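Visitor: One structure coming up, written as structure tokens, with questions to follow.
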Amino acid sequence: MSDQTEPLVIAVREDHAAVLTLNRPAKKNAMSDALLGELIAALTDANRDDDVRAIIIKGAGPCFTSGRDTSQFEQAALLQDMSVDAAVDIFLETLSMLIESPKPTIAAIHGMALGGGQAMSLACDFVVAERDARFGNVEMVYGFPAAMNIALLTRQIGRRRGLEIAMTGDLYSAEKYHEYGLVNRLAEPGALTETTAEFVRTLTDRMPWAIKRTKSTYRLAEDMALHGALNFGNQLNQLLRLNGQLAPVHSHDAGAKQGLKSDIAE
């Protein structure tokens, strides 16, 4: 039984972003079931709040998270009584919520994101990380395939590189992951908050409906053959035109409001 009195996940609002901080610093934010339960509740609230346009996940103390709290897995578990399912279902639910959230999700990482922490970063839409942060599915070093990481790596990176990351269990720097395309923005050590806010501001300045539709369309297109994805996009364009949404988006006045320069002669 933990004697921690503070919440395991601290939720605050910064402009139009919900910032959810994993708050178990003494345990390197190891993700216990209790922490994940609070994170799921905070994600649910953020998804329901129309004023929230982006969701940031970060860690308190020395790191993002060292991964799942393995002390919870010391007791024997059986298939027959569903105790094995109970041990992993809550983490699957958390990852699924990050992937399926209608709002962009951003992992802001310092220190390390290992094992389940790396999986959480892969489940988010974007990653901003300090240059010296470390990533890896370290379970493999102990002979335990990092199954969640494997599934998510297949969606984020090519087979050869993804298989190398999954099989070796090596640690990788944020700079190397940025080179691989697994990190969107690099921050100097100590500047993670500012770099993340600058990146997120671009997302929250866009029209919420357009951001939501872009994410859902991208996810659907990932699971389709190219021809089907193009036809789906064409149907969406027809609906937009039918509802009169294209005119203001492409008008000179709308572009000026966004601070854009139009090269189209009037």
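The values are calculated or read from the model by the stated rules, or taken from the named source; none is laboratory data. This is a predicted model, so every value here is computed, not measured. Glycine also receives a Cβ, built like all others from the backbone with ideal geometry; neighbour counts cover every protein chain displayed.
Visitor: Out of Ala41, Ala11, Ala54, Ala34, report the one residue that is farther than 23 Å from Arg134 by Cα and buried (at least 21 other Cβ atoms within 10 Å of the Cβ).
Guide: After ruling out the rest, the residue left standing is Ala54.
Visitor: Being closer than 14 Å to Arg68 by Cβ, touching a residue at least 24 places away in the same chain (Cβ under 8 Å) and of a type in the set (Asp, Glu): is that true of Glu130 here?
Guide: The answer is no for Glu130.
Visitor: Please determine, by comparing only the residues of the range 143-153 that are in a loop (DSSP other than H, G, I, E, B) and hydrophobic (A, V, I, L, M, F, W, C), which one is farthest from Gly111 (Cα to Cα).
Guide: Restricting to residues being in a loop (DSSP other than H, G, I, E, B) and hydrophobic (A, V, I, L, M, F, W, C), the top hit is Phe144.
Visitor: May I pose another question? Determine which member of the set Gly162, Gly181, Gly143 is buried (at least 19 other Cβ atoms within 10 Å of the Cβ), more than 18 Å from Phe64 (Cβ to Cβ) and in the same structural domain as Leu98 (by TED's automatic domain parsing).
Guide: Gly162
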